[in-house]
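**Q** I'd like to ask some things about the structure below.
Here, each number is a calculation from the coordinates, and none is a lab measurement. What you see is a predicted model, and the numbers here were worked out from it, not measured in a lab. Cβ atoms come from the backbone with ideal geometry, glycine included; neighbour counts cover every protein chain shown.
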Amino acid sequence: MFLMIRWKIIFILLIPIYSWSSTPYFLPKPELSKKCHKVTKKLATKHEENGLLYFNQYQSKIKNILKKSTADQGSKQQILNKASSKYSLESSFKKFVFDFVDVLKNDITNETCDRKNLESLSEKSLKFYKEILDRSKYYIEYRVELESLDADEGLAIISAYSYGYAGRIEINPVKFMGDSMSIGPLNNSQYFRIAKLKAGEYQWGRIKVYGPMSLSYRDFSDANLKFKIQPGKLNYTGVFIHEVMGMYAKAEIFDKAAVITTMIEQDYPLLLNKYELVNGLIENDPFINFYLTQKKKLKSGN
Amino acid sequence: MNKYLNVTKITFFLLILSHFAIASDEDKINTEQETTVVDFFKASVIADVVVNPSGKYIAYVKGNKIVVGNNKLKFHPFYTLKAMSVQEITWIGESNLIVEVFDRITKSISFEYFKMEFEGENIISTHMTSIYQRGYLLDPLIEEPNKILFAIYKTKKEKSYTNVFKLDLQEIIAHQVQSVKKLNRSNSKSMYWMLDSQKNLTYSLGYIEEKPTIYKKAKKKRTWSQIFQGSKDNSFIPKAISKDESKLWVLSNELTDKLALLEYNLNNMLNPKILFEHDKFDLKDIIISPEQEVIGVIFLEKGLLKYKYFSKKQGDSHQLLQNKFPNQTIHTIGANKDQSVQVIIAVSANNPGSVYKCHVKNLDCELIDSLKPWLSDVKLSETTSLQVESEEGFTIEGFLTLPSSNKKSYPLIVMPHGGPIGVSDYGYFDSHVQWLAYNNYAILQVNYRGSSGYGKKFEAAGFKQWGRGIENDIDNTLNYALKSHPQLDPKNICIFGSSYGGYSALMSIIRNPKMYKCAASFAGVSDLTLMFNKSSIKNNDELTTLLKKIVGDPDSEQAELMEYSPVYQFQKIKNPIFLAHGTKDNRVDVEHSWRLKKMLSMANKDVKWLPMDGTKHGFQNTLEVKTFYDNLIPFFDKHLKTTSK
């Protein structure tokens, strides 16, 4: 019972959407025909009810997912905040639910009052909204799953940037039958995520390149772009940077420990507290240890 | 090696260009009447001046056009550069030109061939063909119209060399150069080539495991044999051969500490003669007469190129021309075949340069153009050179630039250069220095140990001296400048540099917080251990070995590297810091500044942080320069007392 109350508080703090959705009012526009007024009113009510239904279902799923988290309530709130801001739940609700209802209320004329068409638009709008909720749910689920590791697993901080277009980018184990993964596509954009990987050595490999009529690969397997994953640890692996230069492309791993540590501190503080952060790119690079030690010292006032 | 014959003419231009290589054609942002930072950095209006064999016509880059003509005919624009830069312009005979162009968007090189017809006052230009190859024009083959010798760069199994082709410019189709038969069969080791009087390939120069290696072609045979191999640790720069093809003149430090002029007998390459060695400075170039004899050398003295002729007569002739340009130094950047017509540049620290066409005999010079005419009404600052003896017995050269305003006291900015090995500051116009001086700051530059131009020992003395001997040299020169120039305010000093200069600024304020009130770094190194971590360096044994030699070993000397890294010494930083870094800097990754900024922010230290999105290791355009200085000048204004300004 106690837990239930706390959850309610969290959700109220987090997403005040529920409180916005008071009973829908619908004043008839004098120029609308009775038939049209009836159609739009019914559709608006249904649209808003469905939007709320999706949101309530989302809340209930999230509640169950978060039960699996070992985090304290504050950290759970952070995870939710992150998911909420990442997929902008507030603005999504406004965009796909409230805005559509507003359109039905204010912008429909007798000429545009086509029931089938409006129903189809409502469905489309709700579909987008549901997809956003699903993505948010996936993000939280994925995030909570990172909290528990098998004995031979570690967390890998995977970060990449591509100047120009890169299709799927492969990451493969070097010598053992570990996990392979792929990220992308990236187009003048970055990728930043924490992933579970079996302990061992990995390398960045091929990048899919889509031609007008063909599919080919840029292979960087021989470029020795490697990193190591230690079990039970949060492994920094550098930043893979791919750059397309006309007909050519190059790829390198840069050591950007300060940049990535800052991002981890912002996005994954719980994981940073839970697991030891180690350097899987350059084992003897002193920066991460130095930074964490100094941070501790400054925090304790020494 | 014919490629080298042109070096005398272009060395100075390259030297000057290095100071405004960051400029671009973004003039749009400078719409105000008053002088702004953009005026100091925007591209010169004139570059790559070349005179034709008779000395009658000149071609050069003017703004975004290439023009040809002379002062009587007026200059006729014949090619417009769209996001391109000119690498080289070469006359092919009296009236044709090849322009090597770099396309900044596609990153491709092309050679554009033009025919000129001079009819009375009219000039008619026709674009004949383009060659899309990375290579160089080996010889214009003036005796054979429309034919050239062209060398194309090749790389095979990480070895670089060139193949030589005789091209008929009237027949060649842009992309089909390689279908022509190559002339260097059985020699795929050489980068540069030498021709005999019949224009046959006779000698070549390649680099085998970085060792300069000379090959000789057997007469009437295809076989080439190695006749010389130098050491990879020394410089060996072939400059010219004698007319009878018996002697090779080389700038080398194989036998001496300073880069000296050596003469080799081309028959056996044994027992070279030292023709000239300066006791203090490396030679920069040699002077060749129209008869193809070596008649003098060029070196930097007090930061300015000095011409030393072996005969008084030739020296006097240069001096007479020099006398026409008081308070400036003149340098030949181009000449016609018999050198009777020379293109010269007159320049000084407070003059970005003016280019003249001179008839040497009657000392008649006509102005072609000034490099930065918009600065002609701006009072620029003078630079003087200082010499300080170090404890180790080296002479350290510095350059002090005082603002042109008549104040009793100036705040000082110490400005160490990048590198640290093999780079130098000069006494010529420098946009950064002049802009800061225009803002009423005195500037001190120091050619600390490790700088180029002062011999092998001096350069090697800079190895592993990061935060140590190098900064001692800077401090010593600063102390000397303060003693010898009372107008410098010893209580108002900051230090600023880029790349190694940024590192030096940060380490100097750690070493000497009482001396420096603030430090500014652009693209500065802040963590010596980080320099080894990028995959392209980690996977390159040669580069890693070189870096270990210059910086130290991150494995066996990690504690030392940390001791001399601003990141790990952040607690010792007591004064305000300015950190700017380009996010696309491939040489010193932005992570360097991120690390330091992170540590300083965590400790609540005073740090001004300017990440520059998309900026590389240097500024690519005037907008970047403006953004940078619009932040830096207020930083200096805040921390250096304005009362003394």
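**Q** Run the numbers on chain B and let me know its relative contact order in percent, using alpha-carbon pairs under 8 Å that are six or more apart.
**A** 10
**Q** Now a separate question. Excluding B:LEU530 itself, calculate the net charge of residues whose Cβ lies under 10 Å from the Cβ of B:LEU530, where each Lys or Arg counts +1 and each Asp or Glu counts -1.
**A** -2
**Q** Using a 10 Å cut-off on Cβ to Cβ distances, tally the other chain neighbours for every residue of A:282-290 and report the average as a whole number.
**A** On the way: counts 7, 0, 6, 7, 11, 12, 0, 0, 9.
The shielding value for this peptide is 6.
**Q** Please state the charge dipole magnitude for chain B, taken about the Cα centre, from unit charges on C-beta atoms (+1 on K and R, -1 on D and E), reported in debye and rounded to the nearest 20.
**A** In debye, rounded to 20, chain B gives about 820.
**Q** Compute the FRET efficiency between B:LYS280 and B:ARG587 as 1/(1 + (r/R0)^6), taking r as their Cβ-Cβ distance and R0 = 35 Å, and round to the nearest 0.05.
**A** Plugging the Cβ-Cβ distance into 1/(1 + (r/R0)^6) gives 0.70.
**Q** Taking H placed 1.01 Å from N in the peptide plane, check which residues at least 5 places from B:ASN447 or on another chain put their amide H under 5 Å from its amide H.
**A** For B:ASN447, whose amide H was placed from the backbone, the distant partners under 5 Å are B:GLU397, B:GLY398, B:PHE399.
**Q** In chain A, with Lys and Arg counted as +1 and Asp and Glu as -1 at Cβ, which of these residues, A:TYR129, A:GLN294, A:VAL174, has the Cα nearest the positive end of the dipole, that is, farthest along it?
**A** Looking along the dipole axis, the top candidate is A:TYR129.
**Q** Additional query: Sort B:ASP589, B:ASP630, A:ASP285 by Cβ crowding within 10 Å, fewest neighbours at the top. Let's see the in-between values first.
**A** Working: B:ASP589 28, B:ASP630 12, A:ASP285 21.
Fewest-to-most Cβ neighbours within 10 Å comes out as B:ASP630, A:ASP285, B:ASP589.
**Q** Would you tally the net charge around A:VAL278, using a Cβ to Cβ cut-off of less than 10 Å, leaving A:VAL278 out, and scoring K and R as +1, D and E as -1?
**A** 0
**Q** Would you calculate, for chain B, the mean residue ellipticity at 222 nm contributed by helices, counting each DSSP H stretch of 4 or more residues as -39,500 (n - 2.57) and dividing by all residues, to the nearest 500?
**A** Calculated mean residue ellipticity at 222 nm is -5500 deg cm²/dmol.
**Q** Counting other C-beta atoms within 10 Å, which of B:VAL607, A:VAL174 has the fewest, and how do the rest follow?
**A** Ranked by crowding around the Cβ, least crowded first: A:VAL174, B:VAL607.
**Q** Need one number: nm distance between label points at A:VAL174 and A:SER88, each 7 Å from Cα along Cα→Cβ, rounded to one decimal.
**A** So the two model labels end up 4.2 nm from each other.
**Q** Cross-link list A:LYS41/A:LYS95; B:LYS189/B:LYS258; A:LYS175/B:LYS159: which exceed 23 angstrom alpha carbon to alpha carbon?
**A** B:LYS189/B:LYS258; A:LYS175/B:LYS159, as the Cα separations exceed 23 Å there.
**Q** Among B:SER130, B:SER452, B:ALA346, whose Cα lies farthest out toward the positive end of the dipole of the protein assembly as shown, if unit charges sit on the beta carbon of Lys, Arg (+1) and Asp, Glu (-1)?
**A** B:SER130
**Q** At what distance in nm do the modelled label points of B:LYS456 and B:ILE633 sit from each other, each positioned 7 Å from its Cα along Cα→Cβ?
**A** Distance between the two pseudo-spin positions: 4.7 nm.
**Q** Pop the C-beta distance of A:MET245 and B:GLU210 into the FRET formula with R0 = 30 Å and round what comes out to the nearest 0.05.
**A** Numbers: r = 26 Å, r/R0 = 0.88.
For A:MET245 and B:GLU210, the calculated efficiency is 0.70.
**Q** Where the centroid of each part is defined by its Cα atoms, how far is segment B:306-352 from segment A:144-185 in Å?
**A** Spelled out, the Cα-based centre of one part sits 64 Å from the other.
**Q** Between B:GLU301 and residues 5 or more places away or on another chain, which pairs have amide H atoms under 5 Å apart, with H built 1.01 Å from N, and which residues are they?
**A** B:LYS306
**Q** Then there is this: Students often get this wrong: which residues of segment B:130-153 have the backbone nitrogen under 19 Å from the point 7 angstrom along Cα-to-C-beta of B:GLN170?
**A** Answer for this model: B:130-131, B:140-150.
**Q** Moving on to the next point. Count the net charge of all other residues whose Cβ sits under 12 Å from the Cβ of A:PHE192, scoring Lys and Arg as +1 and Asp and Glu as -1.
**A** So the surrounding residues net to +2.
**Q** Okay, moving on. Find how many whole Å separate the alpha carbon centroid of segment A:202-240 from the alpha carbon centroid of segment B:520-587.
**A** Centre-to-centre (Cα) distance: 26 Å.
**Q** OK, next. Sorting B:TYR161, A:TYR202 on the 10 Å Cβ count, fewest up front, what's the list?
**A** B:TYR161, A:TYR202
**Q** Right, next: Between B:LYS154 and B:LYS181, how many nm apart are label points set 7 Å from Cα along the C-beta direction?
**A** 1.6
**Q** A follow-up question, please. Name the residues whose placed amide hydrogens come within less than 5 Å of the amide hydrogen of B:MET128, ignoring near sequence neighbours (fewer than 5 apart) on the same chain.
**A** Distant-sequence amide H within range of B:MET128: B:TYR113, B:PHE114, B:LYS115.
**Q** Identify, among B:PHE276, B:HIS359, B:TYR516, the residue whose Cα sits farthest towards the positive end of the charge dipole of chain B, taking +1 on the Cβ of Lys and Arg and -1 on the Cβ of Asp and Glu, with the dipole about the Cα centre.
**A** Of B:PHE276, B:HIS359, B:TYR516, it is B:PHE276.
**Q** If you don't mind, another one. Per residue of segment B:433-448, what does 6.51 cos²θ - 1.76 cosθ + 1.60 with θ = phi - 60° give for ³J(HN,Hα)? Whole Hz please, x for Gly and Pro, Karplus curve as stated.
**A** In residue order, the calculated couplings are 4, 5, 5, 5, 5, 4, 8, 6, 10, 7, 10, 10, 10, 9, 8, 5 Hz.
**Q** What percent antiparallel are the DSSP beta bridges of the protein assembly as shown, to the nearest 5?
**A** Beta bridges within the protein assembly as shown, antiparallel portion: roughly 85 percent.
**Q** Roughly how tilted is helix A:73-86, in degrees to the nearest 10 and between 0 and 90, from the longest Cα axis of chain A?
**A** 70
**Q** Can I ask one more? Show me, for segment B:570-581, the HN-Hα J-couplings you get by feeding each phi into the Karplus relation (A = 6.51, B = -1.76, C = 1.60, θ = phi - 60°), rounded to Hz, glycine and proline as x.
**A** 4, 5, 7, 7, 10, 10, x, 10, 10, 10, 10, 7
**Q** Taking 0.36 nm per intervening residue step and subtracting the Cα-Cα distance, what contour gain separates A:SER216 from A:ARG115 on full extension? Each step should come with its number before you reach the end.
**A** Details: separation 101, 0.36 × 101 = 36.36 nm, distance 4.80 nm.
Here the segment from A:SER216 to A:ARG115 would lengthen by 31.6 nm.
**Q** Ok, one more. If one computes P(r) from the Cα atoms of the protein assembly as shown, what percent of pairs lie at distances over 52 Å? Let's see the in-between values first.
**A** Details: 142856 of 447931 pairs.
So the portion of pairs separated by more than 52 Å is 32 percent.
**Q** Would you please give the FRET efficiency between B:LYS308 and B:ASP196, computed as 1/(1 + (r/R0)^6) with r the Cβ-Cβ distance and R0 = 51 Å, to the nearest 0.05?
**A** The formula returns an efficiency of 0.95 here.
**Q** Sticking with this structure for a sec: Using each residue's phi in segment A:120-132, evaluate 6.51 cos²θ - 1.76 cosθ + 1.60 at θ = phi - 60° and report the 3J(HN,Hα) Karplus result to the nearest Hz, with x for Gly and Pro.
**A** These are the phi-based 3J(HN,Hα) values: 5, 5, 4, 4, 4, 4, 5, 5, 4, 4, 5, 4, 5 Hz.
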